[in-house]
1. Using the 2.2 N^0.38 Å rule of thumb for compact globular proteins, work out how region 163-291 stacks up: its C-alpha Rg over that value, please.
2. Sticking to Cα atoms, compute the Rg of region 305-422 to one decimal and its Dmax as the biggest Cα-Cα distance, whole number, in Å.
3. What are the extents of the Cα atoms of the chain along their three principal axes, in Å, largest first?
4. At a 1.4 Å probe radius, carbon and sulfur cover how many percent of the accessible area of the chain?
5. Over every pair of different alpha-carbon atoms in region 130-191, take the mean of 1/r and invert it; report that Kirkwood radius in Å.
6. Would you mind checking the pairs LYS90/LYS230; LYS90/LYS131; LYS208/LYS291; LYS53/LYS268; LYS53/LYS420 and listing those with alpha carbons more than 29 angstrom apart?
7. With no solvent and one point per C-alpha, what does the Debye sum give as log10 I(q)/I(0) for region 279-320 at q = 0.21, 0.24, 0.33 Å⁻¹?
8. Any idea what the relative contact order of the chain is, in percent, if you count C-alpha pairs under 8 Å spaced at least 6 apart?
Amino acid sequence: MKLPTLFFALSAFLCGQLLAAPGDDVVQLDYPSSKADGELSCEAHFYLWLPPKVRRVRGVIVHQHGCGQGAQMGCLAAAQDLHWRALAEKWDCALLGTSYRAPESDCGAWADPRRGAREIFHRALRELGEKTHHPEIGSAPWCLWGHSGGGWWASYMLALEPENCVAVWLRSGSAFGATGTLTDAPPPAVPDAALRVPVMCNPGAKEKDDERFSKAYESMVTHFRDWRAKGALIGLAVDPQSSHDCGGSRYLAIPFFDAALAARLPEKAGPLNPMPTDAAWLAAPFSSEAKPAATYTGPANEAVWLLNERIAIAWSEYVRAGRVSDTTPPPAPHDVQLRDGELTWKIRADLESGLRGFLIERNGAPLASLPEKMDDSTVFQGINYHDTPNDPPPAITFTDPAPMAGAKYRIVAVNTAGLKSAPSAEATDP
């Protein structure tokens, strides 16, 4: 994925402030807490990345963290995630990470968007649009990904503004079907339009019998069953490998959003396309076998709803193993530069399986790998509990410890399935 340098001047405006963010291609917007009635009572921070050379932003992919100090700080590199950026770049979408700094005892201060988070979210989109000279961001539709308390927020936003939602992924949290509460107010009514938005409920199997997280698991299953009984386009994908952490959920979430964006984004600015249902597949809950809806023999209003055959196949793999296979190599690195012995390059991560690392060649022979040690569990940027990279993510650079005059270098990308790209073009010192 191209990572050009985009500098945005420091600029204070209204109650927000545009600041330097981690990575020189990320725009950060910060809002203070407010004591006014109806306004957000905690700090809110937004981190936006735009694909290089994007002409019109067609949507916003929102990565919403969960409750607690660890979540609100562990999410800071969300907009720098190369795997999620690959999805955003494919569809000319912005990638938005957030950080709401609420006390541990009052996650509902933002997880219930009716307490000011909805207004600050819209305001941030408008002002980020102004500052990046893409005012269409303020009215672009959303893919909402939410973890834990972020699932509460995403499920609320779906009910409040279904017309703005391309699709919604709920990882271990929903306000609908929950047996506990993060807020005193009951959930909003569910309009029929919300039932026409593709949704995936994604609990970790190890949450089920966990004293702390069993309610999150129950909320996922109950939300799925209640909404599916009403005809909602909703699925249930239980991750067999994880608890309340996000595990390998992105390997199904990214294809899920990819399919929804393909179906629903209009060619020109305007309302979202209705989600077609003629290609849908169905599966019995807690099974791993899906069939075309036309040939499914069980009760349809109890079945897992899957967007199409591609997602059905990926879902079947995911619920069995917690991962999704990939048989295609990643894109080759590009724009390889060598200056004073330092190699730099740009990369677009593999949409299906992300990025494990790089192999560096000198004069056609293997020289090194980045990171130095790679195995089947390696992810180049790392994936933490919150489905975001390690902070800060590693730099995409390499310095030859024993440079040779006139040497020619090439870079090979390796995805997390272990597949290698074609080598990049050669680079030599100018």
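The values are calculated or read from the model by the stated rules, or taken from the named source; none is laboratory data. Quick caveat, the model's predicted, so the values are computed rather than measured. Note: ideal-geometry Cβ built from the backbone for every residue, glycine included; neighbour counts use all protein chains shown. Note: areas computed on protein heavy atoms with side chains; ligands, DNA, RNA excluded. Shrake-Rupley method; radii C 1.70, N 1.55, O 1.52, S 1.80 Å.
1. 1.09
2. Reported Rg and Dmax, both Å: 16.6, 60.
3. In descending order, the Cα extents are 69, 55, 46 Å.
4. Values: 9180 of 17800 Å².
C and S fraction of accessible area: 52 percent.
5. Answer for region 130-191: a Kirkwood hydrodynamic radius of 12.6 Å.
6. Among LYS90/LYS230; LYS90/LYS131; LYS208/LYS291; LYS53/LYS268; LYS53/LYS420, the Cα-Cα distance tops 29 Å for LYS90/LYS230.
7. -0.53, -0.69, -1.24
8. Working: 1022 pairs, mean separation 55.3, N = 430.
Over the chain, the number comes to 13 percent.
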